[in-house]
């Protein structure tokens, strides 16, 4: 007798817990052959709001960690990602016509990207900050500080690497993040929750919701607790909607222009200049000895 | 005098109040009502006159933003006795009362004379309301007369000031004890003299012991108040304190009050929330309702 395949129903990952959407809605994700590969949650604005509360609650824990510790935790996350290499590769292949070798290459690049950000956690301050020359018996320093809660709107392709690259930058600086998974292929985002859970990421630091991204733009953009938004490959009308909504609370909004092979170049995806939009610069004066 | 309490049913009933749907206009009204019922509280060893003055400003004007209709002030500011004078001066000319914890708050483990003196001084410094703690040690030892006698003496010492009697339910072990302590507190207060509506409150907790206010405990206390009202026509007030941090929780409590005691109790003279962080969450929800946008925690001042 033929065995009936048990397709997974993914939950969202909010505040360190796997939760269903409060709306009770779900979306069937069909693979390239038109078969249902999995079901994912169809998040509502209230789920997003809940995720913001969790991210806010986790902010001081994460931003107060030393850069060194954040680096160790991100490295641990990369280790866990590596351990699920095959699962991610087949999740990428679900929606995208590509060879298994190409899918694995994307997973490997994602792991490498995360490792690079793990390295930057205690080094970006030196690159972005500076000691300013001033006339007087003072030192004058500018140092980057984490902003708060950042929303990441994952691009549809590359479905895992795009997500990891956009997630890594704000996370590296000590921000807490809410990821809105791609609606074309949300499975890598959904599995990433399981990676977070098994690594040492504190609860609420990474929150992952899935659903229809465009339904959430308005709520992401106008929520005053969200300090920054990071996305890539959005249509112009979506970018306009987000920027207009974000204007009132003066959020940092960044639309990455990365495309094609750029995603696979770690020196571009994990550049400290991708971290820079998600920090606030603090300048202090300090009396000098002479 | 002891009432048997069915713990399972109390929990079921309390949980049922959290399932009412309160939206749009009624939500807005509920939130504003909750705001007007808050005893804005600071009870820390590090409290300073400046912190209390800043809190008093927030009590009168909970938010500086432009909002129509104007937001109500909170009901009272609750402080330690040594800061009563500061609060009284800062609140002069406003509708906000000064409440002071007294009787050796939070433990109450001081000689009766010291505790009574604590009350007398707080009242003479200008406290409009006194939050006393009962003698839990005596209560748990079965010395109910001693507990009642002390409450009566404190009420006498309060003079014109209103009295809130803290049962510290987190230390009373069972719901039966909560009910018994509520009944003793009400009877003991009544033994001193007639009680005007809202002149005496019973209050769940100091906020220093966990668990603090919970819905089942509050329900048992509300039922004690209801039964006393049915017997005598006197309206005793209720104040859950500690652990009520969100606007949603506050609305659940209001539903419970309405469905247990009726609309009469839905005003600050008969119902209060002892809280500090609740205020900002209520403000956040009010702003969300009016502007349609979610607000940030840093949009509102801490004190």
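Computed quantities for the displayed model
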| quantity | calculated |
| --- | --- |
| Residues being part of a loop (DSSP other than H, G, I, E, B) and out of contact with any strand residue (DSSP E or B) (no Cβ under 8 Å at 6 or more places or on another chain) - total across the range B:62-92 | 13 |
| Pick from the range B:286-303, criterion more than 19 Å from residue B:251 (Cα to Cα) and under 25 Å from the mean Cα position of the chain (by Cα), ranking: nearest to the other protein chains (Cβ to nearest Cβ) | B:297 |
| Test: residue in the range A:73-88 that is in contact (Cβ under 8 Å) with a residue 60 or more places away in the chain, within 14 Å of another protein chain (Cβ to nearest Cβ), buried (at least 20 other Cβ atoms within 10 Å of the Cβ) and assigned to a helix (DSSP H, G or I) | no |
| Conditions (1) within 14 Å of chain B (Cβ to nearest Cβ); (2) in contact (Cβ under 8 Å) with a residue 24 or more places away in the chain; number of the one not met by residue A:65 | (1) |
| Any hit, the range B:215-227, residues being in contact with a helix residue (DSSP H, G or I) (Cβ under 7 Å, 6 or more places away or on another chain), closer than 19 Å to residue B:23 by Cα and modelled with pLDDT of 95 or more | no |
| Qualifying residues in the range B:259-285 (those that are outside any helix (DSSP H, G or I) and over 18 Å from residue B:72 (Cβ atoms)) - the one farthest from the other protein chains (Cβ to nearest Cβ) | B:262 |
| Filtered residues of the range A:21-43 (kept if touching a helix residue (DSSP H, G or I) at 6+ places or on another chain (Cβ under 9 Å) and within 17 Å of residue A:215 (Cβ to Cβ)) | A:21, A:22, A:23, A:29, A:40, A:41, A:42, A:43 |
| Tally of residues being out of contact with any helix residue (DSSP H, G or I) (no Cβ under 7 Å at 6 or more places or on another chain) and modelled with pLDDT of 95 or more across the range A:157-170 | 2 |
| Members of the range A:140-177 that are assigned to a loop (DSSP other than H, G, I, E, B) and under 15 Å from residue A:120 (Cα atoms) | A:173, A:174, A:175 |
| Test: residue in the range B:232-247 that is surrounded by fewer than 17 Cβ atoms within 10 Å (Cβ to Cβ), assigned to a helix (DSSP H, G or I) and more than 14 Å from every other protein chain (Cβ to nearest Cβ) | yes |
| Helices (runs of 4 or more DSSP H) wholly inside the range A:178-280 containing at least 1 residues that are more than 24 Å from residue B:288 (Cα to Cα), within 15 Å of the chain's Cα centre (by Cα) and more than 14 Å from every other protein chain (Cβ to nearest Cβ) | A:187-198, A:266-269, A:272-275 |
| Single unsatisfied condition, residue A:16 versus (1) modelled with pLDDT of 95 or more; (2) surrounded by 17 or more Cβ atoms within 10 Å (Cβ to Cβ); (3) at negative phi | (3) |
| Every residue from the range A:123-137 that is surrounded by 13 or more Cβ atoms within 10 Å (Cβ to Cβ) and touching a residue at least 40 places away in the same chain (Cβ under 8 Å) | A:123, A:124, A:125, A:127, A:128, A:129 |
| Qualifying residue in the range B:39-50 (condition: out of contact with any strand residue (DSSP E or B) (no Cβ under 9 Å at 6 or more places or on another chain) and surrounded by 14 or more Cβ atoms within 10 Å (Cβ to Cβ)) | yes |
| Residue list for the range A:1-54, filter: more than 14 Å from residue A:193 (Cβ to Cβ) and either within 14 Å of chain B (Cβ to nearest Cβ) or assigned to a helix (DSSP H, G or I) (or both) | A:22, A:44, A:45, A:46, A:48, A:49, A:50, A:52, A:53 |
| Counted residues, the range A:138-179 - those being out of contact with any strand residue (DSSP E or B) (no Cβ under 7 Å at 6 or more places or on another chain) and surrounded by fewer than 24 Cβ atoms within 10 Å (Cβ to Cβ) | 2 |
| Filter result for residue A:116 (touching a strand residue (DSSP E or B) at 6+ places or on another chain (Cβ under 7 Å), surrounded by fewer than 24 Cβ atoms within 10 Å (Cβ to Cβ) and farther than 30 Å from residue A:289 by Cβ) | no |
| Among (1) away from every other protein chain (no Cβ under 13 Å); (2) under 19 Å from residue B:22 (Cβ atoms); (3) more than 16 Å from the chain's Cα centre (by Cα), the one test that residue B:256 misses | (3) |
| Residues located in the range B:19-40, provided they are assigned to a helix (DSSP H, G or I) and over 28 Å from residue B:185 (Cα atoms) | B:19, B:24, B:25, B:26, B:27, B:28, B:29, B:30, B:31, B:32 |
| Boolean, residue B:222 is part of a helix (DSSP H, G or I) and either within 14 Å of chain A (Cβ to nearest Cβ) or out of contact with any strand residue (DSSP E or B) (no Cβ under 7 Å at 6 or more places or on another chain) (or both) | no |
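The values are calculated or read from the model by the stated rules, or taken from the named source; none is laboratory data. Note that this is a predicted model, so its numbers are computed, not measured. Virtual Cβ from ideal backbone geometry, glycine too; neighbours counted across all protein chains shown.
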